[in-house]
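Remarks on the structure that follows.
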Amino acid sequence: LIDQKEGWRKLLAFLGPGFLVCIAYIDPGNFESDLQSGAEYQYELLWIILVASVSALIIQSLAANLGVVTGKHLAEHCRTEYPKVVSILLWILAEVAVISADIPEVIGTAFALNILFSVPIWIGVLLTGLSTLLLLALQQYGVRKLELIIAALVMIMTGCFFAELGYAKPNAALVLKGLFVPQLKGDGATGLAISLLGAMIMPHNLFLHSALVLTRRIPRSDKGIKQGCKYYMFESGFALFFAFLINVCVIAVSGSVCSQPDLSAENRANCNDLDLNRASFLLQNVLGRWSKILFGVALLASGQSSTITGTYAGQYVMQGFLNLRFKPWIRNLLTRAVAIVPSLIVALIGGSSAAGQLIIIVSMVLSFVLPFVLIPLLKFTSSKVKMGPYANSWPVMCTTWLIGGAVMSINVYYLTSLFVKWLLKSSLAMVAQVMIGILVFGMILVYLIAVGYLAFRVDREITYLIVSDEPSNMDPINLEELGHGPSSELQPLPRKDIIELQLPRDV
């Protein structure tokens with residue numbers, strides 16, 4: 001329940017969803033990219049983290065606004081707006097994104113268990129399935145308790161990496177220069193910059209944020225909706241600031257350790273091919289045993305918190321697109337089982353090195369899926385049919401489409417360039433290379449056509465409806481004049497099915 005008076009009580013009532021959302025920016029996949037960028041280019045790519053964090057705040061604020069204004073989250077809007085076939089395809093891609101985001105969390109947790117307790121990677125992958133029991137235990141206590149636990153895990157990660165900074169003692173002047181002086185030296189730096197940007201906006205996070213804001217009782221009035229959007233932006237910025245600090249710390253520690261002139265040949269080799277598992281041994285060798293333990297604790301907190309938020313994002317995706325009434329524990333087990341199987345197979349066959357490579361592969365999958373989530377969000381929040389007078393202004397619309405277009409273009413370029421490099425270096429016969437090239441570039445053409453369809457399709461389903469409980473100087477859209485009756489699916493906030501973090505029941 002939101003206090004009507006301005007002040008810290010109102011801000012505390014809004015505080016919570018941003019911490020669940022910020023977890024996607026400090027998951028094991030992000031840590032791997034951060035470690036590699038610090039090891040190879042020291043502090044030169046820190047400005048990418050700053051740009052990506054600001055962009056993430058803007059995009060996540062749009063997701064929050066969509067839920068606050070319309071009372072429906074992004075997946076529900078996709079179901080009502082698009083034809084059934086398109087909606088089903090978008091649901092499949094959203095599920096792929098949820099599963100792809102869950103795989104690094106499974107592997108990251110397995111690495112953490114290996115670091116802290118010397119558990120083999122494949123056994124650690126199996127043990128992560130037990131976190132489903134934790135999810136079931138948390139659900140009965142409601143969303144506020146969950147938000148408190150996630151915030152505590154974020155603070156643990158922040159504390160661990162600040163302690164790592166104390167061990168590593170990076171050059172503060174070089175860190176500040178890396179944050180505010182853009183530079184890219186070489187093709188390798190460009191590739192890493194692209195991977196850092198691509199990993200900063202997660203598709204499933206947009207579904208999650210637009211649903212979590214429905215857990216607050218916000219007055220359906222001009223003033224109430226404006227205040228809701230404003231406070232959620234502040235709350236998201238506060239949480240994402242901690243994610244920003246953690247990413248900066250990981251890069252700074254990695255850059256400081258790998259730039260030391262007296263590194264042994266073994267440690268230098270680890271820096272040249274740094275992943276989550278090698279990082280722990282590198283930290284132990286250079287900074288001491290406690291540094292390795294701190295890294296393991298932070299990685300475990302990251303994997304477990306990411307697991308929780310990823311599973312709930314999957315629940316909202318399935319509820320929004322299909323309106324299914326699965327029991328939560330069934331949904332949790334399904335998501336985790338699908339993520340565990342490929343992780344387990346890779347860990348058994350290739351060990352920790354192959355598991356680290358799997359994180360990179362699923363990051364590419366997430367980059368591929370991102371436009372099919374980001375474009376509907378940008379379209380819906382810019383549409384007066386959806387948002388009424390709260391639709392994005394022209395400056396906001398231009399800024400967000402510029403950010404979204406840049407991220408999507410970078411991802412497409414990155415995936416295409418990787419394929420071309422692989423094809424040119426492969427030992428396949430010329431005929432086979434030509435056939436594979438035609439097939440893949442044909443698929444890319446279909447991909448671009450699908451993205452264009454989402455970008456240029458005109459929104460038709462009217463969902464904006466303001467229910468005023470106090471005088472307002474803004475006139476709501478007259479739905480009947482436009483040939484539509486009031487939306488029967490608009491539900492008062494807070495949404496009980498969202499508050500209880502379960503799938504929908506009859507309302």
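No other residue among Ser254, Ser306 is under 17 Å from Gly18 (Cβ atoms) and in contact with an Asp or Glu (Cβ under 9 Å, 6 or more places away or on another chain) apart from Ser306.
Looking at the structure I just gave you, is Ile194 at pLDDT 85 or above, surrounded by 14 or more Cβ atoms within 10 Å (Cβ to Cβ) and not hydroxyl-bearing (Ser, Thr, Tyr)? Answer is no for this residue. Just one of (1) among the charged types (D, E, K, R); (2) surrounded by fewer than 20 Cβ atoms within 10 Å (Cβ to Cβ); (3) under 30 Å from Lys177 (Cβ atoms) fails for Lys84. It is (3). Say whether the condition of being at pLDDT 80 or above, within 29 Å of Ala94 (Cα to Cα) and open to solvent by 10 Å² or more (accessible area, probe 1.4 Å) is met by at least one residue in the stretch 271-280. No, there is no match, as no residue in the stretch 271-280 is at pLDDT 80 or above, within 29 Å of Ala94 (Cα to Cα) and open to solvent by 10 Å² or more (accessible area, probe 1.4 Å).
Does Leu135 satisfy the criteria of being modelled with pLDDT of 80 or more, within 30 Å of Gln357 (Cβ to Cβ) and crowded, with 16+ Cβ neighbours inside 10 Å?
Answer is no for this residue.
Exactly one residue out of Glu40, Glu44 is open to solvent by 10 Å² or more (accessible area, probe 1.4 Å), more than 20 Å from the chain's Cα centre (by Cα) and modelled with pLDDT under 90, and it is Glu40.
Search the stretch 388-432 for residues being of a type in the set (Phe, Trp, Tyr) and over 19 Å from the mean Cα position of the chain (by Cα), and hand back the single one that is surrounded by the most Cβ atoms within 10 Å (Cβ to Cβ). Here the residue is Tyr390. In a residue-by-residue description of the stretch 254-262, the property of being surrounded by fewer than 21 Cβ atoms within 10 Å (Cβ to Cβ) and not polar (S, T, N, Q) applies to at least one position. Right, Leu93: at pLDDT 90 or above and surrounded by fewer than 23 Cβ atoms within 10 Å (Cβ to Cβ) or not? Taking the combined requirement at face value, the residue satisfies it.
Okay, residues lined up against (1) open to solvent by less than 40 Å² (accessible area, probe 1.4 Å); (2) closer than 19 Å to Ala252 by Cβ; (3) assigned to a loop (DSSP other than H, G, I, E, B):
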{"position": "Ile150", "(1), (2), (3)": "yes, no, no"}
{"position": "Cys160", "(1), (2), (3)": "yes, yes, no"}
{"position": "Pro170", "(1), (2), (3)": "yes, yes, yes"}
{"position": "Ala189", "(1), (2), (3)": "yes, yes, no"}
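Put simply, of Tyr82, Tyr141 the only residue that is farther than 22 Å from Val248 by Cα, of a type in the set (Ser, Thr, Tyr) and modelled with pLDDT of 90 or more is Tyr82. Every test in (1) under 22 Å from the mean Cα position of the chain (by Cα); (2) surrounded by fewer than 19 Cβ atoms within 10 Å (Cβ to Cβ) is passed by Ser221 save one, and that test is (1).
The values are calculated or read from the model by the stated rules, or taken from the named source; none is laboratory data. The model shown is predicted, which means the values in this text are computed figures rather than measured ones. Don't worry about glycine lacking a Cβ; one is built from the backbone with ideal geometry, like all the others, and counts go over all protein chains shown. When the accessible area is computed, the model is the full protein with side chains, heavy atoms only, and any ligands, DNA or RNA have been set aside. Shrake-Rupley method; radii C 1.70, N 1.55, O 1.52, S 1.80 Å.
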